[in-house]
Amino acid sequence: DLLVGLGAEFLDRPDDGLEKDFATRRSPDPADGKGMSRFVQLEGRLTLTGANADRRIRVRDSHLASVAAALAHELVVVRKLGPLAADAEVGKALAPYTIDAVGRQAGLPDGILKELADELAAAPGKALVVAGGSAAASASGPALELAAILLNVTVGAFEAGLVDETAAVEPPSG
């Protein structure tokens, strides 16, 4: 199992109730016998959630949406993964977000995003991408959330039942 956080601060928010599920999946000897999940967190400032990650990649909040789009570009457009790989409109929307260009723009070490894309591609139906935190509250928040949904569609998180659609927050009306 792979969990990728895009600024998500779910351990800093006890009211959300995600700590127990996270802790269960992080146990080296879980009761379900599935093994310990891997957690990669991309975030600007260090959070409790990021401190608990197997790998923490520092990315400014202002770059998180483009980094998420670059991961989607790599998986959907370049590697042709997921149900939207043949969708020309999706390809056109993701075209500006090549993984190398976005990585350079965000000041990330060469290859770090491709490594993460490799991990996501290798975990179909066993990977989940979560977005949130201060980055989701910024002007680019809707783009970040949309990119996270696109990544989850691509890696089969919805079909595998890893996403609780009933827990989704209703968007503001108007």
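Readers should treat all values here as calculations from the given coordinates under stated rules, not as data from a laboratory. Note that the coordinates shown come from a computational prediction; the quantities given were computed from them, not determined experimentally. Neighbour counts are summed over all protein chains in view; Cβ atoms, including those assigned to glycine, are modelled from backbone coordinates with ideal geometry.
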Compute the distance in nm between two label points, each set 7 Å from the Cα along the Cα-to-Cβ direction, one at THR98 and one at GLU159. 3.0
If packing is taken as the mean number of other Cβ atoms within 10 Å per residue, what is the order of 66-75, 111-120, highest first? 66-75, 111-120
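If the range 29-160 were replaced by its equivalent ellipsoid, with semi-axes equal to the square roots of 5 times the Cα gyration tensor eigenvalues, what would those be, largest first, whole Å? Walk me through the intermediate numbers first.
On the way: eigenvalues 94, 77, 38 Å².
They are 22, 20, 14 Å, listed largest first.
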In nanometres, the difference between 0.36 nm per residue of separation and the alpha-carbon distance of ALA51 and ASP87 is 9.2 nm
Note, LEU64: beta-carbon cut-off 13 Å, +1 each Lys/Arg, -1 each Asp/Glu, net -1
